[in-house]
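> Before I ask anything, let me first share the structure, which is written out below as structure tokens.
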Amino acid sequence: MGQETLQGEDINNFADQSLEIIIRFDNQGKILYGNALAKEELGYGDKLTDISLDVLIPAELSSEDDSFPIDVVEKLKGGTMYRKNGTCFPVRMNVVVEGGRNLLFAINVAKRVETERKLVRMKEEMEETIKVRNEFVANVTHELRTPVNGIRGHVTNLLEAGVSGEVKNTMDIVIRCCENMSAIINNILDFSKLEAGKFVIEQKEFNFYKMVNHAVETNITAINSKGLHIMVNIDKVIPEYLVGDELRLTQILNNLLSNAVKFTSVGYINIEVTRTVQFDDEIELFFVVSDTGIGISPEEKDKLFKSFSQVDASITRKYGGTGLGLAITKQLIELMHGSIHLESEKGKGSSFSFSVRLHMAEDANQEGQSSEQFEFINQNHDMSQFDNLEEIFQFGTAENTKEIAGKLEKLILCMEVEAWDKAEAFAHNIKELVEQGPKEIKKAAFRLEMNVRKANYDKSLEQYNNLKTLFEQNVGGK
Ligand code: ADP
């Protein structure tokens, strides 16, 4: 079979289809050929072959004498090309000089240059918009915060002046609404600061165990009121004092913990902290916050860490929130040189894990502590105890009895030191634990909770003793 080759006519046809200007010229610069685009774009039509190349690119080809600077043309990579009507455009060029039939390929880059200019303009405009928006967000959030704090302050004063019954309940709700509103305002402000890259991570010494304890305490009332169990396990090799941003670390933990509580109605929430790496004075900690809640499907998972994303609209209606929490959490973790991951199964629960890097405090030879100051942490249990939740809630079983006895002890301690918030949480917990018990015990636990809620020491003590006696009579022998 004979091999096909491109003939002159074919080549011209191809050249006419080209998106590049193609011009052939001789060693004196006289144009011998121009493809369709060259004829049209330069405005000479078929007359293109009447002129010389230096008419098209005069700036680059001006020479002292009248000779055509072929050596200059050969090296041209770009320049300005003029049309017949005097207008011009920037070009990128490639020239091949070969035996008197030289070729010049040129691309009009005016559009690209214009696009690049537009991009720069758009970027500047966007930066300006973000700046204006951030200032606006900062002003509005500040303006919102003032009345919310005002409402909270006044209602707190009224509560302290002494109200009871329905009025107190309503006021408690108002306070909770204010707290939610403050949390939303803070989230919006944080998000806008993070987006503007204005977030600075502090490096200050803090008590790590107290920090975890504080995050748990913030959620303990909600945990107890839902009858959930919380377990906290901190690897004892983690020193008591570390250097980092305590406030932001609490915020991360709090976000994950409050979500875990929000999306779990039965079972437990577990917090595990381990040390993964320690290098010189740097320490990497690995946190796992898991729950037995509603879970998240793989499709929903991808959207979670993006701003304003909630799994679906019904979530907002049922559980509230703005969908900013995890986006903020992820960015804060990244600022602490860590990353966040999620493992979850719909209907079974979720497990959020993250790492952060902190520094060791100067005097860091003390390891984790076991003192009583971590009351909440130490009241919790080994994971294995919760493998069978049914058993724990079953009134009268060994575990149930042990737990009630433990909670009663803590309750009386809290009452003695007038830590009424904590006392209320324990009283509520006890009420939940005797849920399946005899009627009289249930009644006593209910009355105890009521009196503790009113912070009435004498009546609380009376009910405490009453419940304790009933409890010991019922389960004492077991
Ligand atoms: P929000 O501030 O509205 O709670 P987040 O960013 O914290 O927003 O969470 C976004 C969404 O992720 C929630 O609305 C919920 O659908 C889902 N989610 C987060 N944590 C959990 C969890 N522990 N269990 C189930 N769903 C969760």
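The values are calculated or read from the model by the stated rules, or taken from the named source; none is laboratory data. Keep in mind that this is a model prediction, so the values were computed, not measured. Cβ coordinates were reconstructed from backbone atoms using ideal geometry, including for glycine residues, and neighbour counts include every protein chain displayed. Heavy atoms of the whole protein, side chains included, go into the accessibility calculation; ligands, DNA and RNA do not. Shrake-Rupley method; radii C 1.70, N 1.55, O 1.52, S 1.80 Å.
> Are there GluC sites (Glu not before Pro) in the range 171-260 that DSSP marks as loop and that have at most 14 other Cβ atoms within 10 Å, and which are they?
Working: sites: GLU179, GLU195, GLU202, GLU205, GLU217, GLU240, GLU246; in loops: GLU202, GLU240.
Passing sites in the range 171-260 are GLU202.
> Note the full-extension length gain between SER297 and ASP421 as 0.36 nm times their separation in residues minus their Cα-Cα distance, in nm to one decimal.
On the way: separation 124, 0.36 × 124 = 44.64 nm, distance 3.64 nm.
41.0 nm is the gain from fully extending SER297 to ASP421.
> Roughly how many whole Å is it from the C-alpha centroid of the range 140-174 to that of the range 409-427?
Cα centroid to Cα centroid, the span is 24 Å.
> Grab the DSSP H runs of the chain that are 4 residues or longer, score each as -39,500 (n - 2.57), total them, divide by all residues and round the 222 nm result to the nearest 500 deg cm²/dmol.
Working: 18 runs with 250 residues, N = 478.
Rounded to the nearest 500, it is -17000 deg cm²/dmol.
> Please compute the per residue accessible area over the chain with all protein chains in place, 1.4 Å probe, rounded to a whole number of Å². Show your work: numbers first, answer last.
Values: 26980 Å² over 478 residues.
Accessible area per residue: 56 Å².
> Just to confirm my numbers, what's the Cα centroid distance between the range 180-221 and the range 233-308 in Å?
Their Cα centres are 13 Å away from one another.
> If you roll a 1.4 Å probe over the chain with all protein chains in place, what percent of the accessible area is carbon or sulfur? Could you put the intermediate results ahead of the total?
Details: 14040 of 26980 Å².
Of the solvent-accessible surface of the chain, carbon and sulfur hold 52 percent.
> For the range 87-160, state which trypsin sites (Lys or Arg not before Pro) are in a DSSP loop and have at most 16 other beta carbons lying within 10 Å of their beta carbon. Let's see the in-between values first.
Working: sites: ARG92, ARG101, LYS111, ARG112, ARG117, LYS118, ARG121, LYS123, LYS131, ARG133, ARG145, ARG152; in loops: ARG101.
Qualifying residues, ordered by number: ARG101.
> To continue, here is another question. Give the peptides 80-88, 287-295 in descending order of average Cβ contacts within 10 Å, highest first.
Values: 80-88: 13.4, 287-295: 21.1.
Averaged packing, sorted descending, gives the order 287-295, 80-88.
> DSSP loop GluC sites (Glu not before Pro) in the range 80-130 with at most 11 other Cβ atoms within 10 Å of their Cβ, which ones? If you can, show how the numbers build up before the last one.
Numbers: sites: GLU98, GLU114, GLU116, GLU124, GLU125, GLU127, GLU128; in loops: GLU98.
Here the sparse-neighbourhood loop sites are GLU98.
> Extending each Cα 7 Å along its Cβ direction at SER225 and GLU135, get the distance between those two points in nm, one decimal.
Going from the SER225 label point to the GLU135 one covers 4.1 nm.
> If you don't mind, another one. Quick one: in the chain, what % of C-alpha pairs are over 39 Å apart?
Numbers: 55854 of 114003 pairs.
Above the 39 Å cut-off, the chain has 49 percent of its Cα pairs.
> May I pose another question? Residues with beta-carbon under 11 Å from that of ASN27, excluding ASN27: net charge, scoring Lys, Arg +1 and Asp, Glu -1?
On the way: positive: LYS30, ARG101; negative: ASP26, ASP71, GLU74, GLU98.
Spelling it out: positives minus negatives among the neighbours equals -2.
> Rounded to the nearest angstrom and ordered from largest down, what semi-axes does the equivalent ellipsoid of the range 2-112 get from its C-alpha gyration tensor (root of 5λ)? The partial results should precede the final answer.
Values: eigenvalues 102, 60, 35 Å².
Its equivalent ellipsoid spans semi-axes of 23, 17, 13 Å.
> If you take the beta carbon distance between VAL200 and LYS306 as r and set R0 to 22 Å, what does 1/(1 + (r/R0)^6) give as a FRET efficiency, to the nearest 0.05? Walk me through the intermediate numbers first.
Details: r = 24 Å, r/R0 = 1.07.
Step by step, r from the Cβ atoms, then E = 0.40.
> So what's the net charge close to GLY99: Lys and Arg +1, Asp and Glu -1, counting the other residues with Cβ under 14 Å from its Cβ?
Details: positive: ARG24, ARG101; negative: ASP26, GLU74, GLU98.
Neighbour charge sum, excluding GLY99 itself: -1.
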